[in-house]
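Engineer: My structure is below; once you've seen it, I'll send some questions.
The values are calculated or read from the model by the stated rules, or taken from the named source; none is laboratory data. All figures in this text were calculated on a predicted structure; none of them were measured in a lab. Using ideal geometry, Cβ is built from the backbone for each residue, glycine included, and neighbour counts are taken over all protein chains shown. Note: accessible area is taken over every heavy atom of the protein model, side chains too, but ligands, DNA and RNA are not part of it. Shrake-Rupley method; radii C 1.70, N 1.55, O 1.52, S 1.80 Å.
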Amino acid sequence: MVPIAAFLAASLIPSSAAFARVADDPAVNRLYTAGAIARTTCAEKPISKRNNFPIAKAYVTSVVGCLNKAWSKHLAKTGHKFAKPKVTLLSKNPARFCGSKWEKETIYDYCLLNRTIAIVLDRRLLNLEPNDLYIFLTTAELYGQHVQSLTRLDAGWAETAPDPDEDEEGFAESVRRLHLQAVCLGAAFTASVYKSMPRKTAEWKSIVREKSKEVGYIYGSAKAITYWLNRGFNSRNPKYCNTWSASTAQVS
């Protein structure tokens, strides 16, 4: 879930044609030219009991450790300064997060202001048979937003996004580009450790179908979500997550 409010005070350029300029930033371009994320290992610690917060917390903490390891190495190649995100794992909704009221239907979010990942590990994620891979990929996508912060992608977005008061649809499209890129980066990381987990190809296809249901005006269509998930997973390369140069149809 992409935080929007923090950017509303920024100086925005009301031109949807400016999206492609984000990738022209030298800092951003280094992310796209450093090659694929190196394959590495990530030993999963399965969530073996439903509605068990301590076990789920240990699982996510382990996944974040894998993300820190992979992205610190990759960003060393790009020349970006690496910093771990703060991670807040909760058993129930917080009252507030990132300076705003936490909406009751929200399960996870990333705060750019203090670079914090927040995930609520309650019955919505942990009832019945917890889907470890769903939680894994969700964590990786949130971390993708953190990578966008470390590499100036979020700053580029703020500088080029249309003014929401003057161009509501253009602004929503710009947010979709930001969100779908984080989705793609999360999938690229997942591919880099997938063989070590180990997981079957069928499991990836299943989780893509599940993730594609998370559609919305600022999150993208099922087709777009599917496209960017598979694009990241099949390449392991942030180069193929460049939503800024994609057509409007690809981020619809």
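Engineer: Reachable lysines from residue 86, Cα under 17 Å, same-chain residues fewer than 8 places away excluded?
Structural biologist: In chain and number order, the partners are 57, 69.
Engineer: State the Kirkwood hydrodynamic radius of the range 154-252 in Å, one decimal place, computed from all pairs of distinct Cα atoms.
Structural biologist: 13.9
Engineer: Taking 0.36 nm per residue of separation and subtracting the Cα-Cα distance, what length does fully extending residue 36 through residue 123 add? Intermediate results must be reported in sequence, preceding the final value.
Structural biologist: Details: separation 87, 0.36 × 87 = 31.32 nm, distance 3.60 nm.
So the chain would gain 27.7 nm between residue 36 and residue 123.
Engineer: Round to a whole number: what % of the accessible area of the range 98-221 belongs to carbon and sulfur, probe 1.4 Å?
Structural biologist: 50
Engineer: Where Rh is the Kirkwood radius over the Cα pairs of the chain, the temperature 25 °C and the viscosity 0.890 mPa s, what D in µm²/s does Stokes-Einstein return? It would help to have the intermediate numbers written out before the result.
Structural biologist: Values: Rh = 18.2 Å.
My calculation gives 135 µm²/s for D.
Engineer: While we're on this one: Which pairs in the list 73/200; 81/239; 73/223; 101/200 are over 30 Å apart, alpha-carbon to alpha-carbon?
Structural biologist: Correct reply: 73/223; 101/200.
Engineer: Which value at 222 nm does the chain reach when only helices count, each DSSP H run of 4 or more adding -39,500 (n - 2.57), with the total divided by all residues and rounded to the nearest 500 deg cm²/dmol? Let's see the in-between values first.
Structural biologist: Working: 8 runs with 116 residues, N = 252.
It comes out at -15000 deg cm²/dmol, rounded to the nearest 500.
Engineer: Residue 169 to residue 200: extension gain in nm, 0.36 nm per residue of separation minus the Cα-Cα distance? Write down the numbers at each step before the final one.
Structural biologist: Working: separation 31, 0.36 × 31 = 11.16 nm, distance 3.87 nm.
Full extension of this stretch gives 7.3 nm more.
Engineer: In Å², what does the accessible area per residue of the chain work out to with a 1.4 Å probe?
Structural biologist: Working: 11410 Å² over 252 residues.
Accessible surface, normalised per residue, equals 45 Å².
Engineer: Which residues in the range 185-207 place their backbone N less than 17 Å from a point set 7 Å from the Cα of residue 43 along the Cα-to-Cβ direction?
Structural biologist: From the range 185-207, the list is 193-199.
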